[in-house]
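Contents: one structure, followed by commentary.
Computed from the coordinates by the stated procedures, all read-outs in this text should not be read as laboratory data. Source: prediction; values computed, not measured. Note: ideal-geometry Cβ built from the backbone for every residue, glycine included; neighbour counts use all protein chains shown.
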2 protein chains.
Amino acid sequence: MIKVGIVGYGNLGRGVEKNIKNFKDFELVGVFSRRDGVKTDSGVASFKMSELENFKGKIDVLILCGGSANDLREQSPAIVKNFNIVDSFDNHAFINDHYKEVDASAKSGGKIAIISVGWDPGLFSLNRIIGSAVLPNSKTYTFWGKGVSQGHSDAIRRIKGVKDARQYTIPSKTALDTVRSGDLKEFSTKEKHTRECFVVLENDTADERKRVEHEIKTMPNYFEPYDTTVNFISEDELLRDHAGLPHGGVVITSGITGKNCKQIYEFSLNLDSNPEFTSSVMIAYARAAYRLSKNGESGARTIAQIAPYLISDMSLEDMRVKGMI
Amino acid sequence: MIKVGIVGYGNLGRGVEKNIKNFKDFELVGVFSRRDGVKTDSGVASFKMSELENFKGKIDVLILCGGSANDLREQSPAIVKNFNIVDSFDNHAFINDHYKEVDASAKSGGKIAIISVGWDPGLFSLNRIIGSAVLPNSKTYTFWGKGVSQGHSDAIRRIKGVKDARQYTIPSKTALDTVRSGDLKEFSTKEKHTRECFVVLENDTADERKRVEHEIKTMPNYFEPYDTTVNFISEDELLRDHAGLPHGGVVITSGITGKNCKQIYEFSLNLDSNPEFTSSVMIAYARAAYRLSKNGESGARTIAQIAPYLISDMSLEDMRVKGMI
């Protein structure tokens, strides 16, 4: 059994806790949090972060579920000195800096870190790399959604008279169809996505609807450049139909081989729960971290460096015999 | 420059020859064929297979483009004693046997073989493995098409009165939509695909059409169990509209995380030219074979064992800096 611990108990940490039972070779030792006396959903033990050092040698991999903005830049290099880790650091602009810091710490402690694991960065990265490697004469497009954008939902909630709101980012069907046809047109992020808003008003009148819709649609950067749809609903409807955290997206590499053969490589995810799926990817890559560490390796890795069989519970022979390959 | 040779000069070998110019770090040394005096499309040198031994130490990787039925089971283990190879052995039932034979030979010669490289087996295998690893509580579905089936086209051509024919295998929209909705229904191969036929008659009359259509639709195994459509066209139309070798397909892993969150992982290819795309995948994996060999490794590998960055011409740092990851 691979013994894992969860560091950070938000949506992602809870996702790991919920999903770990589907991974039969894993055992959850506990949840580590900055908060004291955390009551876990599953009843698994919780500990303060300061107790982590008592678990040296008793946990094979720690799954870091903190946020990229405030937690991981400090936590990952610090924790990897004593433990193998997987993190989901997702700020593309700083991944190289984060990698270097984590790599130095991991090597000094003789531990393995797999960083930026999830779907983007993560499985989407993998497909951008493979797609452009097999189709060098190509362009790669990334579309996000359909999914909830927390930042855009918050922006609507800040408008006067809005009680609650949920905003979905949706890939533009026109842009998707164009790319899928093999047309190598350039698109801006704005052209590739539309925005759909569900809004609950404090005071639901025709005038209020008109005013709030106008404020949303003309909000610079957030909504003004996009094709935006605004729907007004009741609070009950919002809670009933829009409580989840769905997300997903599409990565398409469109290339030409030979004289003029269009070749379309497409990867997509359609997820009912963004944090639960991300946590599931992290558990699979924790298996790879465990194996690499057992093999005496150390240092930081991105998903590009992990041979795919390392994340599977099947043996290489089983894959060949059972026709997976 | 990575020096490669092509073994076998059919559709796949010609695909490698056409595509290699898109891979800037590759140099094509020549084409090797059982036939004497092969005239190549690009003018690159051609040699008899018996001359291969003169190229020991002068070619980094041989790309084996023979057929799985008659060539590769013998060629791959024989050739890998002296050269690194990539092959596209695609008979799933015998991949494990083939692997063992190639592995033993490769180790005896200190060479690397990457076998069963293409899209299925190949990129589809990769996605079956990754999809089921990240979603252990899941089912994986494979759909083929839209693409030409050579075997089914031949079966129609054998009917009396048929001058020429082309058969396309097409994923069933109903089955695809069901799987994409997260419904974990079981489907037989027959339920997942429909068949579309384009037929040229020797003597195009209403009676002949009726008879041939009936013979096609009632042909056991090939067409009878499927939803089959028959179109009669002129020979000119067949040559104009159906001369290519398009193919592709879809691999979907549909899983549940947590209580009841549906998570859909989908990979698809839509290819104007099946052999040109397959050849392009093989060239990318020849890059990995070259690197593994330079690193002192030997033996057989499947695509599951190749860390993705090994097939890319980008450095790991570039991937991180440029936001690929």
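Place a +1 charge on the Cβ of each Lys and Arg in the protein assembly as shown and a -1 charge on the Cβ of each Asp and Glu, then give the dipole magnitude about the Cα centre in debye, rounded to the nearest 20.
Numbers: 86 positive and 84 negative charges, 262 e Å.
Dipole size: approximately 1260 debye.
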Worksheet entry | Distance between segment B:218-235 and segment A:272-300 - C-alpha centres, whole angstrom | 48 Å
Worksheet entry | Label-point gap, in nm, between residue B:221 and residue B:297 - each point 7 angstrom along Cα→Cβ | 4.0 nm
Worksheet, complete the sentence: With the label set 7 Å along Cα→Cβ, residue B:42 is separated from its counterparts in the other copies, in nm and shortest first, by 5.3
Worksheet entry | Full-stretch length increase - residue B:104, residue B:174 - with 0.36 nm per residue and alpha-carbon distance subtracted | 20.6 nm
Worksheet item: At residue B:49 and residue A:157, where each label point lies 7 Å from the Cα along Cα→Cβ, what is the point-to-point distance in nanometres?
Response: 6.9 nm
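List the relative contact order of chain A as a percent without decimals, with contacts defined as Cα pairs under 8 Å and 6+ residues apart. Write out the running numbers ahead of the final one.
Values: 631 pairs, mean separation 69.3, N = 325.
Relative contact order here is 21 percent.
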Item to complete: Would you give the gap between the C-alpha center of segment B:1-39 and the C-alpha center of segment A:137-191, rounded to a whole Å?
Response: 43 Å
Worksheet item: Hey, what number do you get for chain A at 222 nm if only DSSP H runs of n ≥ 4 count, each worth -39500 (n - 2.57), divided across all residues, to the nearest 500?
Response: -10000 deg cm²/dmol
Discussion item. Under 5 Å between amide hydrogens, which residues at least 5 positions from residue B:229 or on another chain qualify, with H placed 1.01 Å from N in the peptide plane?
Written reply: B:195, B:196, B:197
Discussion item. If I build a Gaussian network model for chain A, linking alpha-carbon pairs within less than 10 angstrom, which residue out of A:51, A:196, A:213 has the largest mean-square fluctuation?
Written reply: A:51
Fill in: For residue A:151, label point 7 Å along C-beta direction: distances to other copies, nm
5.1
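Counting other Cβ atoms within 10 Å, which GluC sites (Glu not before Pro) in segment B:271-325 have at most 16 and lie in a DSSP loop?
Working: sites: B:276, B:297, B:317; in loops: B:297.
Answer in residue order: B:297.
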Fill in: Choice from B:261, B:197, B:65 with maximal GNM fluctuation in chain B (Cα, 10 Å cutoff)
B:261
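Hey, with R₀ at 30 Å, roughly what FRET efficiency would residue B:25 and residue A:184 work out to, going by the Cβ-Cβ distance, to 0.05?
Details: r = 23 Å, r/R0 = 0.77.
The pair residue B:25/residue A:184 has a calculated efficiency of 0.80.
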Worksheet item: Taking H as built 1.01 Å from N, whose amide H comes closer than 5 Å to the amide H of residue A:163, not counting residues under 5 places away?
Response: A:200, A:201, A:202
Discussion item. I'd like the trypsin sites (Lys or Arg not before Pro) in segment B:254-300 restricted to DSSP loop residues with at most 16 other Cβ atoms within 10 Å, sorted by number.
Written reply: B:259
Response to the item:
Once the dipole of chain A is set up from charges on Cβ (+1 Lys and Arg, -1 Asp and Glu), the residue from the list A:233, A:298, A:30 lying farthest towards its positive end is A:298
Discussion item. I need the P(r) histogram for segment B:123-272: all alpha carbon pairs, bin width 10 Å from 0 out to the longest distance, whole percents.
Written reply: 11, 35, 27, 17, 9, 2, 0
Worksheet, complete the sentence: at residue B:244 the sorted inter-copy label distances (label 7 Å from Cα on Cβ side), in nanometres, are 3.6
Item to complete: Give, in whole angstrom and from largest to smallest, the semi-axes √(5λ) of the equivalent ellipsoid of chain A, with λ running over the eigenvalues of the Cα gyration tensor.
Response: 37, 29, 17
Discussion item. Multiplying the sequence separation of residue B:232 and residue B:69 by 0.36 nm and subtracting their Cα-Cα distance, what value in nm do you get?
Written reply: 55.5 nm
Worksheet entry | Stokes-Einstein D (µm²/s) once Rh is taken as the Kirkwood radius of the protein assembly as shown over alpha-carbon pairs, at 37 °C in 0.692 mPa s | 122 µm²/s
Fill in: Inter-site label distance for residue B:196 and residue B:56 at 7 Å from Cα along Cβ, in nm
5.3 nm
